[in-house]
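Notes follow once the structure below has been shown.
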């Protein structure tokens, strides 16, 4: 008797990539301010990430990026290595830091509100900007929407540290108030498997090879 045909996979693998380093990484809170580009080191990180993603046994079929310059510049070598075009998606944007946009982290860390940002982010809204809960909801819903659009395939989404941390927290069922304990390094790759039964976290903050990304 002929063997029954295998059902095509219904899950989607989503590789979340943080943008590479910029001249202000670790110094200021750039937010959505325009005009911030990758540093020379950031461009090298982006090229390295592209090589790692291109070496995957199953090539991603789409590359998405936040509309900011630093994410599009990170996505460019990835798209080139995969033979794809970068698609911008506003759901992958950095958090809207409102009045805090562009301020130095050293200055902000001295504010009483900074303790809330670090210890109880679910209760915090940036003055004139977005709340962490809104950022998390937007980012996670974007990942699910993109995954549905590419069922059975894998994709790349280039975003920012805080949105990626919040998305991982949602996927893992971790309270948002603990998301600051996660580290997402420049051009690190965080991988999720989005299936009908839920979302699995395959890897977080990977900066080496991606050969370990196999669900157990």
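What follows is calculated from the coordinates using simple rules that are stated; it is not laboratory data. What you see is a predicted model; the values in this text were computed from it and never measured. With ideal geometry, Cβ positions are generated from the backbone for all residues, glycine too; neighbour counts draw on all protein chains shown.
A few points about this structure:
- Between 50, 33, 76, the residue with the greatest mean-square fluctuation in the GNM of the chain (Cα pairs under 10 Å linked by springs) is 33.
- Packing-based ranking, highest mean first, of 167-177, 145-155, 108-118 given that Cβ atoms within 10 Å are counted: 167-177, 145-155, 108-118
- Remark: spin-label model distance residue 39-residue 114 equals 2.0 nm, labels positioned 7 Å along the Cα→Cβ axis.
- Extension gain from residue 87 to residue 207, taking 0.36 nm per residue of separation minus the Cα-Cα distance: 40.8 nm
- Rg/Rg_globular for region 119-216, with Rg_globular taken as 2.2 N^0.38 Å and Rg from C-alpha atoms: 1.09
- Rounded to 10°, Cα long-axis angle of helix 161-172 versus longest principal axis of the chain: 50 degrees
- As a rough footprinting exposure proxy, the listed residues 125, 18 were ranked by other beta carbons within 10 Å of their own, and the order from fewest upward is 125, 18.
- Applying 1/(1 + (r/R0)^6) with R0 = 22 Å to the Cβ-Cβ distance of residue 137 and residue 197 gives a FRET efficiency near 0.55.
- Applying 0.36 nm per residue to the separation of residue 105 and residue 69 and subtracting their alpha-carbon distance, the gain on full extension is 10.9 nm.
- Both radii are taken from the alpha-carbon atoms of the chain; with Rh as the Kirkwood radius, Rg/Rh is 0.99.
- For the pair residue 55 and residue 174, a Förster radius of 25 Å applied to the C-beta separation gives a FRET efficiency near 0.25, rounded to the nearest 0.05.
- Mean separation of Cα contacts under 8 Å, 6 or more apart, over the residue count of region 12-206: relative contact order %: 32 percent
- When each of the peptides 196-204, 127-135, 91-99 is scored by how many other beta carbons lie within 10 Å of its residues on average, the order from highest to lowest is 91-99, 127-135, 196-204.
- Exposure proxy shown here: for 53, 192, the number of other Cβ atoms within 10 Å sets the order, fewest to most, as 53, 192.
- The angle between the Cα long axis of helix 132-149 and the longest principal axis of the Cα atoms of the chain comes to about 20 degrees, rounded to the nearest 10.
- Helix 69-82 axis, angle to the chain major axis (alpha carbon atoms, nearest 10°): 20 degrees
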